[in-house]
Amino acid sequence: MGSLGALVKHPDDFYPLLKLKMASRHAEKQIPSEPHWAFCFSMLHKVSRSFALVIQQLDTELKNAVCVFYLVLRALDTVEDDTSVATDVKVPILKDFHHHIYDRDWHFSCGTKNYKVLMDQFHHVSTAFLELGNGYQEAIEDITRRMGAGMAKFICKEVETVDDYDEYCHYVAGLVGLGLSKLFHACGLEDLAPDSLSNSMGLFLQKTNIIRDYLEDINEIPKSRMFWPREIWSKYVNKLEDMKYEENSVKAVQCLNDMITNSLIHVDDCLKYMSALREPSVFRFCAIPQVMAIGTLALCYNNIEVFRGVVKMRRGLTAKVIDRTKSMADVYGAFYDFSCMLKAKVDHNDPNAQKTVSRLDSILKTCRDSGVLNERRSYIIPSQSNYTPLLAVILFIILAIVLANRSSNWPTN
């Protein structure tokens, strides 16, 4: 009923959702026949959520390399995430993971559900990795080595300062940005981007995930996992878990806004990175998650629900982002609109209000200075359309027909 209610409220979501559903089904039918590649692309759809679709539309050679890269790092992340694995077992695996990807017989049982299947049958990923070109293998090995070492470091180290926070995010996500830039360059589609810009692409996504996933991470069993830096949260509460309690709601939201303001510092680098991309499929692959991130931050800002449940973009808006992110004009437009949405939520009594507004104004200026904002029609903050009532009527007619067909097939007593 929630999805139906969202469609009634946003009937123009219907067509993008339908297109997304059809694209997903088409992608699932494109699974290769070889067992190891079939495993990799099937697993990609199960563990990558929104990334699976944009990976699938890449050129075949690059698509295979990015798929393997993603699954290798997802497996590495599964080892790091599993709090039931003892530290003295986990750390050596993380440090040696870049060797394991060359071993067709290696596997390690950890994780749950699809992640456990990935780890138990990791030999399929290794087999696929060994079929990639040397340039791809070297890039994946290098990033896996550096990421594993960084993860091992933070298994035994708390995130105390903002510098620690940036360092951790570099290891688990900034390096992904560096690795992807190397893969894009290795296949000859893009120039090699500066490391600082590639790093920011990863940090912006990772910080968004860390902010959004507060409640899930703090309630992790058997042991909570948190990466909010003490330097920030200690200004508001005595213990990080205190923010999930209702009596600390005001301080929790202030801390949340501080964290979001910190993440906005990476936006300018992200826009510079994306504006330099030439290949349309690579552009969409990079741009869609970035637009999703700024959209998620706009929803999370000043929102106590981050400490009560899951805050995420509605499916229809996600479908629109995927459907309509095709050029830098689209990206500048989306960042402009979501930044306006976020700025409208700033409470000027918030301790960081001035810093937040300053960073948002900088983003808005960059988008305006692009000179392309008038080249697109906003779907994020739409003006009232005369077609909305008509769309709602059409949607109800479609739903009535579907329900009537179903009822005619229901058994009668």
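Checking Glu231, Glu216, Glu246 one by one, the residue that is under 20 Å from Leu264 (Cα atoms) and open to solvent by 90 Å² or more (accessible area, probe 1.4 Å) is Glu231 and no other.
Could you go through the stretch 101-108 and let me know if any residue there is part of a helix (DSSP H, G or I) and either closer than 26 Å to Glu216 by Cβ or not hydroxyl-bearing (Ser, Thr, Tyr) (or both). Among the residues of the stretch 101-108, not one is part of a helix (DSSP H, G or I) and either closer than 26 Å to Glu216 by Cβ or not hydroxyl-bearing (Ser, Thr, Tyr) (or both), which makes the answer no. For Lys223, the conditions (1) open to solvent by less than 30 Å² (accessible area, probe 1.4 Å); (2) in a loop (DSSP other than H, G, I, E, B); (3) basic (Lys, Arg) all hold with the exception of (1).
Under 6 Å by Cβ, and 6 or more places apart or on different chains, what pairs join a residue from the stretch 292-307 that is touching a residue at least 12 places away in the same chain (Cβ under 8 Å) with one that is hydroxyl-bearing (Ser, Thr, Tyr) and part of a helix (DSSP H, G or I)? Qualifying pairs under 6 Å: Ala293/Thr208; Thr296/Thr208; Leu297/Thr208; Ile304/Ser249; Val306/Tyr214. Within the stretch 80-99, residues that are within 21 Å of Ile140 (Cα to Cα) sit with their Cβ atoms under 6 Å from residues that are polar (S, T, N, Q), at 6+ positions apart or across chains, in these pairs: Phe97/Thr144; His98/Thr144. When each of Val237, Val172 is tested for being at pLDDT 95 or above and either surrounded by fewer than 19 Cβ atoms within 10 Å (Cβ to Cβ) or part of a loop (DSSP other than H, G, I, E, B) (or both), the lone residue that passes is Val237. Take the conditions (1) in contact with an Asp or Glu (Cβ under 9 Å, 6 or more places away or on another chain); (2) touching a residue at least 12 places away in the same chain (Cβ under 8 Å); (3) closer than 25 Å to Gly148 by Cα; His185 misses just one of them, which is (2).
What number of residues in the stretch 224-271 are of a type in the set (A, V, I, L, M), over 21 Å from the mean Cα position of the chain (by Cα) and within 15 Å of Cys300 (Cα to Cα)? Outline the logic, then answer.
We begin by selecting, within the stretch 224-271, every residue of a type in the set (A, V, I, L, M); these are 226, 232, 237, 240, 243, 250, 252-253, 256, 259-260, 264-265, 267, 271.
Then drop every residue that is not over 21 Å from the mean Cα position of the chain (by Cα), which leaves 232, 237, 240, 243, 250, 252-253.
Okay, now just the ones that are also within 15 Å of Cys300 (Cα to Cα), so 243, 250, 252-253.
Total meeting the criteria: 4.
Among the candidates Leu17, Leu62, Leu58, Leu73, which residue alone is touching a residue at least 60 places away in the same chain (Cβ under 8 Å) and not in a helix (DSSP H, G or I)? Don't jump to the end; show me each part of the working.
Working: Leu17 fails: not in a helix (DSSP H, G or I); Leu62 fails: not in a helix (DSSP H, G or I); Leu73 fails: not in a helix (DSSP H, G or I).
The match here is Leu58.
Checking each residue in the stretch 314-348 for being under 22 Å from Thr261 (Cβ atoms), without any contact (Cβ under 8 Å) to a residue 40 or more places away in the chain and buried (at least 18 other Cβ atoms within 10 Å of the Cβ) picks out only Tyr336.
The values are calculated or read from the model by the stated rules, or taken from the named source; none is laboratory data. As the structure is a prediction and not an experimental result, all values here were calculated from the model. Positions of Cβ are backbone-derived with ideal geometry, glycine not excepted, and every protein chain shown enters the neighbour counts. Just so you know, the surface numbers come from the protein's heavy atoms only, side chains and all, with ligands and any DNA or RNA stripped out. Shrake-Rupley method; radii C 1.70, N 1.55, O 1.52, S 1.80 Å.
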